[in-house]
1. Considering the range 1-38 alone, what residues qualify as being among the charged types (D, E, K, R) and touching a Lys or Arg at 6+ places or on another chain (Cβ under 7 Å)?
2. Here are the criteria: (1) surrounded by 13 or more Cβ atoms within 10 Å (Cβ to Cβ); (2) outside any loop (DSSP other than H, G, I, E, B); (3) within 9 Å of the chain's Cα centre (by Cα). Tell me which single one Leu29 does not satisfy.
3. Within the range 14-23, how many residues turn out to be outside any helix (DSSP H, G or I) and either open to solvent by less than 70 Å² (accessible area, probe 1.4 Å) or in contact (Cβ under 8 Å) with a residue 24 or more places away in the chain (or both)?
4. If only one of Met11, Met47 is open to solvent by 70 Å² or more (accessible area, probe 1.4 Å) and under 9 Å from the mean Cα position of the chain (by Cα), which one is it?
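The values are calculated or read from the model by the stated rules, or taken from the named source; none is laboratory data. All figures in this text were calculated on a predicted structure; none of them were measured in a lab. Here the Cβ positions follow ideal geometry from the backbone for every residue, glycine too, while neighbour counts run over all protein chains shown. Remember, those area values only see protein heavy atoms, side chains included, never the ligands or the DNA or RNA. Shrake-Rupley method; radii C 1.70, N 1.55, O 1.52, S 1.80 Å.
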Amino acid sequence: MAKAIKAAEAMAPTRPHPGVESGAKNMALGPVAALMDRTKDTVRKVMSKD
């Protein structure tokens, strides 16, 4: 069960996205939003170190 939770957390967006409240939209756009969020988080982290 812990592996399933970690997998779901890895695919979940890190911040809320308005308009993606329905289950179907969340399944379709969730992984894309998660990728964008994690990329943005990484870029901000790298940029703030300088």
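1. At the first step, the residues of the range 1-38 found to be among the charged types (D, E, K, R) are 3, 6, 9, 15, 21, 25, 37-38.
Matches in the range 1-38: Asp37 only.
2. Looking at each condition in turn, Leu29 falls short on (3).
3. Kept after step one, since they are outside any helix (DSSP H, G or I), are these residues of the range 14-23: 14-22.
Those left that are additionally either open to solvent by less than 70 Å² (accessible area, probe 1.4 Å) or in contact (Cβ under 8 Å) with a residue 24 or more places away in the chain (or both): 14, 17, 19-20, 22.
Adding up the residues that qualify gives 5.
4. Values: Met47 fails: under 9 Å from the mean Cα position of the chain (by Cα).
Checking each option against the conditions leaves just Met11.
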